[in-house]
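Have a look at the structure below, then the notes.
The values are calculated or read from the model by the stated rules, or taken from the named source; none is laboratory data. Here the structure is a predicted model, which means the values were calculated and not measured. Ideal geometry is used to build each Cβ from the backbone, glycine not excepted, and the neighbour counts take in all protein chains shown. Ligands, DNA and RNA are stripped out before the accessible areas are found, and what is left, the full protein with its side chains, is counted by its heavy atoms. Shrake-Rupley method; radii C 1.70, N 1.55, O 1.52, S 1.80 Å.
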Amino acid sequence: MIKIIDNFLDSEEFIKIEYIFFKQSENRPYLSEELNQKDFPWYFRNSTSYNPRHKNHVDTITNYQFVHTFFAEHMCLSPYYNNLVPIFDKLGVKALLRCKANMQMRTEEIVERELHQDQPNGCDPNKDPYNIAVYYLNTNDGYTRFEDGTKVQSVANRIVIFSPKLKHSSTTCTDQKRRIVLNVNYY
(Lines give C-alpha, C1' and ligand atoms only; values in the text may rest on other atoms or scores of the structure.)
Protein backbone atom coordinates (compact mmCIF):
# COMPACT_ATOMS: atom_id res chain seq x y z
CA MET A 1 0.00 0.00 0.00
CA ILE A 2 1.21 3.49 -0.89
CA LYS A 3 -0.25 6.32 1.18
CA ILE A 4 0.23 9.92 0.00
CA ILE A 5 -0.51 12.85 2.30
CA ASP A 6 -0.33 16.44 1.06
CA ASN A 7 0.26 19.32 3.48
CA PHE A 8 1.58 16.81 5.99
CA LEU A 9 2.73 19.45 8.48
CA ASP A 10 0.99 22.72 9.20
CA SER A 11 2.56 25.71 7.41
CA GLU A 12 4.49 26.99 10.42
CA GLU A 13 6.07 23.60 11.17
CA PHE A 14 6.90 23.06 7.51
CA ILE A 15 8.62 26.44 7.17
CA LYS A 16 10.78 25.72 10.23
CA ILE A 17 11.94 22.43 8.72
CA GLU A 18 12.29 23.87 5.22
CA TYR A 19 14.53 26.58 6.62
CA ILE A 20 17.09 24.00 7.72
CA PHE A 21 17.73 23.17 4.07
CA PHE A 22 17.02 26.46 2.28
CA LYS A 23 17.72 30.12 2.87
CA GLN A 24 15.68 33.24 2.32
CA SER A 25 18.00 34.15 -0.54
CA GLU A 26 16.71 31.12 -2.46
CA ASN A 27 13.50 32.84 -3.53
CA ARG A 28 11.73 32.04 -0.27
CA PRO A 29 10.80 35.51 1.03
CA TYR A 30 8.58 34.06 3.78
CA LEU A 31 11.61 32.65 5.60
CA SER A 32 12.76 34.83 8.46
CA GLU A 33 16.15 36.53 8.35
CA GLU A 34 16.05 36.41 12.16
CA LEU A 35 16.65 32.65 12.17
CA ASN A 36 20.25 33.32 11.13
CA GLN A 37 20.57 29.95 9.42
CA LYS A 38 24.07 28.63 8.83
CA ASP A 39 24.90 26.56 5.79
CA PHE A 40 23.52 23.07 6.18
CA PRO A 41 26.21 20.35 5.99
CA TRP A 42 25.89 17.92 3.11
CA TYR A 43 28.14 14.94 2.50
CA PHE A 44 29.03 13.58 -0.92
CA ARG A 45 28.09 9.97 -1.64
CA ASN A 46 29.59 8.47 -4.78
CA SER A 47 26.46 6.47 -5.59
CA THR A 48 22.78 6.45 -4.76
CA SER A 49 21.22 3.02 -4.29
CA TYR A 50 24.19 0.76 -4.87
CA ASN A 51 23.47 -2.64 -6.34
CA PRO A 52 26.57 -4.82 -6.86
CA ARG A 53 24.82 -6.64 -9.74
CA HIS A 54 24.76 -3.35 -11.67
CA LYS A 55 28.35 -2.12 -11.34
CA ASN A 56 28.11 -0.15 -14.58
CA HIS A 57 25.30 1.93 -13.08
CA VAL A 58 27.54 2.97 -10.18
CA ASP A 59 30.17 4.31 -12.53
CA THR A 60 27.87 6.67 -14.44
CA ILE A 61 28.65 10.36 -14.07
CA THR A 62 25.19 11.20 -12.71
CA ASN A 63 25.07 8.44 -10.08
CA TYR A 64 25.87 10.44 -6.95
CA GLN A 65 24.04 12.38 -4.30
CA PHE A 66 24.63 14.44 -1.21
CA VAL A 67 23.31 13.12 2.09
CA HIS A 68 22.92 14.21 5.67
CA THR A 69 22.25 11.42 8.16
CA PHE A 70 20.20 12.41 11.19
CA PHE A 71 19.86 8.98 12.77
CA ALA A 72 21.44 5.58 12.01
CA GLU A 73 22.96 2.58 13.76
CA HIS A 74 20.78 3.24 16.84
CA MET A 75 22.10 6.74 17.46
CA CYS A 76 21.53 10.39 16.70
CA LEU A 77 24.20 11.67 14.31
CA SER A 78 23.12 15.25 13.65
CA PRO A 79 22.67 18.41 15.70
CA TYR A 80 19.60 19.07 13.52
CA TYR A 81 17.81 15.90 14.68
CA ASN A 82 15.43 17.64 17.11
CA ASN A 83 14.13 19.87 14.32
CA LEU A 84 12.52 16.79 12.75
CA VAL A 85 10.51 15.74 15.82
CA PRO A 86 7.24 17.18 14.38
CA ILE A 87 7.56 14.74 11.47
CA PHE A 88 8.32 11.80 13.75
CA ASP A 89 5.42 12.71 16.05
CA LYS A 90 2.93 13.00 13.20
CA LEU A 91 4.11 9.68 11.73
CA GLY A 92 3.66 8.03 15.14
CA VAL A 93 7.25 6.78 15.21
CA LYS A 94 7.77 4.27 18.02
CA ALA A 95 11.37 3.43 17.07
CA LEU A 96 13.54 5.08 14.47
CA LEU A 97 15.76 2.87 12.32
CA ARG A 98 17.27 5.51 10.04
CA CYS A 99 16.58 9.06 8.97
CA LYS A 100 18.54 10.88 6.31
CA ALA A 101 18.13 13.69 3.84
CA ASN A 102 19.02 13.02 0.21
CA MET A 103 19.88 15.81 -2.21
CA GLN A 104 19.90 15.04 -5.92
CA MET A 105 21.38 17.73 -8.12
CA ARG A 106 19.66 19.03 -11.26
CA THR A 107 20.35 17.20 -14.50
CA GLU A 108 19.46 18.10 -18.11
CA GLU A 109 17.07 15.15 -18.29
CA ILE A 110 15.49 13.29 -15.37
CA VAL A 111 17.65 10.37 -14.29
CA GLU A 112 15.87 7.48 -12.58
CA ARG A 113 17.91 5.60 -9.99
CA GLU A 114 17.99 1.86 -9.25
CA LEU A 115 14.89 0.24 -7.81
CA HIS A 116 15.80 -0.86 -4.30
CA GLN A 117 14.52 -1.74 -0.84
CA ASP A 118 15.75 0.18 2.20
CA GLN A 119 17.49 -2.14 4.65
CA PRO A 120 18.46 -0.05 7.68
CA ASN A 121 20.47 -1.84 10.38
CA GLY A 122 20.37 -5.01 8.30
CA CYS A 123 16.58 -5.30 8.52
CA ASP A 124 14.94 -7.70 6.11
CA PRO A 125 12.34 -5.68 4.14
CA ASN A 126 10.41 -8.85 3.37
CA LYS A 127 10.07 -9.93 7.03
CA ASP A 128 10.41 -6.89 9.31
CA PRO A 129 7.24 -4.80 9.72
CA TYR A 130 8.87 -1.36 9.55
CA ASN A 131 7.65 1.55 7.43
CA ILE A 132 9.30 3.92 5.00
CA ALA A 133 8.30 7.55 4.64
CA VAL A 134 9.66 9.91 2.00
CA TYR A 135 9.02 13.55 2.87
CA TYR A 136 9.43 16.07 0.06
CA LEU A 137 11.10 19.34 0.99
CA ASN A 138 10.77 21.15 -2.33
CA THR A 139 8.50 21.08 -5.36
CA ASN A 140 10.15 20.00 -8.60
CA ASP A 141 9.61 17.70 -11.56
CA GLY A 142 11.38 14.76 -9.90
CA TYR A 143 9.50 11.87 -8.34
CA THR A 144 9.64 8.59 -6.46
CA ARG A 145 8.90 5.63 -8.70
CA PHE A 146 7.67 2.26 -7.44
CA GLU A 147 8.17 -1.10 -9.10
CA ASP A 148 4.48 -1.23 -10.11
CA GLY A 149 4.98 1.99 -12.14
CA THR A 150 3.36 4.35 -9.62
CA LYS A 151 5.05 7.76 -9.55
CA VAL A 152 4.74 10.17 -6.64
CA GLN A 153 5.63 13.70 -7.72
CA SER A 154 7.91 15.84 -5.55
CA VAL A 155 5.64 18.40 -3.93
CA ALA A 156 6.85 20.37 -0.93
CA ASN A 157 5.30 19.19 2.36
CA ARG A 158 4.00 15.96 0.80
CA ILE A 159 4.82 12.61 2.35
CA VAL A 160 4.49 9.12 0.93
CA ILE A 161 4.39 6.17 3.33
CA PHE A 162 4.87 2.60 2.17
CA SER A 163 6.00 -0.90 3.07
CA PRO A 164 9.69 -1.77 2.78
CA LYS A 165 8.60 -4.71 0.60
CA LEU A 166 7.95 -2.22 -2.22
CA LYS A 167 10.96 -1.49 -4.36
CA HIS A 168 11.30 2.21 -5.10
CA SER A 169 13.69 4.59 -6.79
CA SER A 170 14.49 8.25 -6.69
CA THR A 171 15.16 10.65 -9.53
CA THR A 172 16.91 13.87 -10.26
CA CYS A 173 14.95 16.94 -11.38
CA THR A 174 15.32 19.38 -14.28
CA ASP A 175 13.42 22.46 -13.14
CA GLN A 176 15.13 23.28 -9.81
CA LYS A 177 18.78 23.41 -8.70
CA ARG A 178 18.22 20.33 -6.58
CA ARG A 179 15.67 17.84 -5.27
CA ILE A 180 15.65 17.26 -1.51
CA VAL A 181 13.78 14.52 0.33
CA LEU A 182 13.85 13.17 3.83
CA ASN A 183 13.93 9.37 4.04
CA VAL A 184 12.60 7.92 7.32
CA ASN A 185 12.68 4.21 8.18
CA TYR A 186 10.75 3.46 11.36
CA TYR A 187 8.51 1.21 13.43
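Quick check: Cα centre of segment 148-187 to Cα centre of segment 110-126, how many Å?
The two parts, judged by their Cα centres, are 12 Å apart.
Before I look further, what does the chain give for accessible area per residue, probe 1.4 Å, in whole square angstrom?
53
Mind checking which lysines have their Cα closer than 20 Å to the Cα of residue 16? Skip sequence neighbours fewer than 8 apart in that chain.
List returned: 38, 90, 100.
Out of the trypsin sites (Lys or Arg not before Pro) in segment 65-102, which ones are loop residues according to DSSP with at most 12 other C-beta atoms within 10 Å?
94
By accessible area of protein heavy atoms, probe 1.4 Å, what ranking do 70, 44 get, highest first?
44, 70
Tell me the accessible surface of residue 61 in square angstrom (1.4 angstrom probe, heavy atoms of protein chains only), to the nearest ten.
The value for residue 61 is about 150 Å².
So if a site counts as exposed when it's one of the GluC sites (Glu not before Pro), its DSSP state isn't H, G, I, E or B, and it has at most 16 other Cβ atoms within 10 Å, what's the longest stretch of the chain without one?
Between exposed loop sites, the widest span is 27-72.
For the chain, just the Cα set please: Rg and Dmax, both in angstrom.
Using the Cα atoms of the chain, the pair Rg, Dmax is 15.9, 49 Å.
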